[in-house]
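Let me begin by presenting the structure, written as structure tokens, before commenting on it.
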Amino acid sequence: MENRNQKAQFASIVGIVANLILAILKGIVGVVGNSKALIADAFHSASDVVSSIAVLVGIRAAQKPPDPEHPYGHGKAENIATLIVAILLIVVGVEILTDAVTALFENEYTRPSTIALYVIIFSIIVKEVLFQYKKRLGDRLNSPALVADAWHHRSDAISSFVALVGIGLSLLGSQFGIPFLYYFDPLAGAIIALLVMWMGFKIGKDAVSVTLETVLDDGRTKKFELTTMEISGVERLDMLLARTHGSYVIIDVKISVDPHITVDEGHAIAARVKEKLVDKHAEVQDVYVHVNPYH
């Protein structure tokens, strides 16, 4: 568990540093190079910095052990961090969209600089590398916050590609005197805003689902049921509910045992069920077993 948290924290720190550099670079070049799309993309990268910090805080909070006030642990801290990321994306998206739409109705057109293209291409490469790194690590470590942050990088790569198209078409319009192509730069900024808002909604929806402790469907709990029935002494599986609690799973299970055995023997069977589920399934953090008499 400690190694998992160290890897997740390191990935978050890498994201923070990379996003900070990209946000500053794109912001400066966007202002100097007169590109609305690049400025919008800079705000997106800046939101990545804030979201990565939120994820890092969430991951550190999630590793705290259970206490009397939080007997199930602090796993949901990661999902709270994920929800913060989603809200930030939506807020930033609204701001970018407002600025881009305003620019579309301006009478004067300012040609973006060619250097903006090189910065965008560099950004796309960096963000895609960060996405692949965090997505694979998040899946391996079963970290919802890390996976959410990875998709944030992918959304930034997509928005950078849109900015690349917008800036490129604007430059072509200026070069060959095609007026309607001039406005593809602010139009790209508006499209980026919509992408940012959509990604925020999607990530937020998933985070809320986990926070509300939605139980896993039958397809995902079948393996837990089979493991439970393998235990000697379990006569019948009466109920098994598995719910997500951040990056791990908590199981509530009811089993039936021989009604003529002693309480101590029934307790031993329940202990074996818990031990087997935790040992065999890495995502299972805790198991609560209720013993019924089998009739």
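The values are calculated or read from the model by the stated rules, or taken from the named source; none is laboratory data. Keep in mind that this is a model prediction, so the values were computed, not measured. Here Cβ is always computed from backbone atoms with ideal geometry, including for glycine, and neighbour counts include all displayed protein chains.
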Legend entry - Where Ala270 falls short, out of the listed (1) surrounded by 19 or more Cβ atoms within 10 Å (Cβ to Cβ); (2) touching a residue at least 24 places away in the same chain (Cβ under 8 Å): (2)
Legend entry - Pair list, Cβ < 6 Å and 6+ apart or interchain, from the range 164-189 residues that are within 15 Å of Phe105 (Cα to Cα) to residues that are among the basic types (Lys, Arg) and buried (at least 22 other Cβ atoms within 10 Å of the Cβ): Asp185/Lys36; Pro186/Lys36; Gly189/Lys36
Inset, instruction - Out of Ile191, Ile251, Ile203, report the one residue that is modelled with pLDDT of 85 or more, within 30 Å of Val101 (Cα to Cα) and within 27 Å of the chain's Cα centre (by Cα). - result: Ile191
Legend entry - Selection from the range 238-295 of residues that are of a type in the set (D, E, K, R) and either farther than 23 Å from Asp139 by Cα or assigned to a helix (DSSP H, G or I) (or both): Asp238, Asp252, Lys254, Asp258, Asp264, Glu265, Arg272, Lys274, Glu275, Lys276, Asp279, Lys280
Legend entry - Residues that are touching a His at 6+ places or on another chain (Cβ under 9 Å) and either farther than 20 Å from Ala100 by Cβ or among the aliphatic types (A, V, I, L, M) (or both), drawn from the range 15-35: Gly15, Ala18, Asn19, Ala23
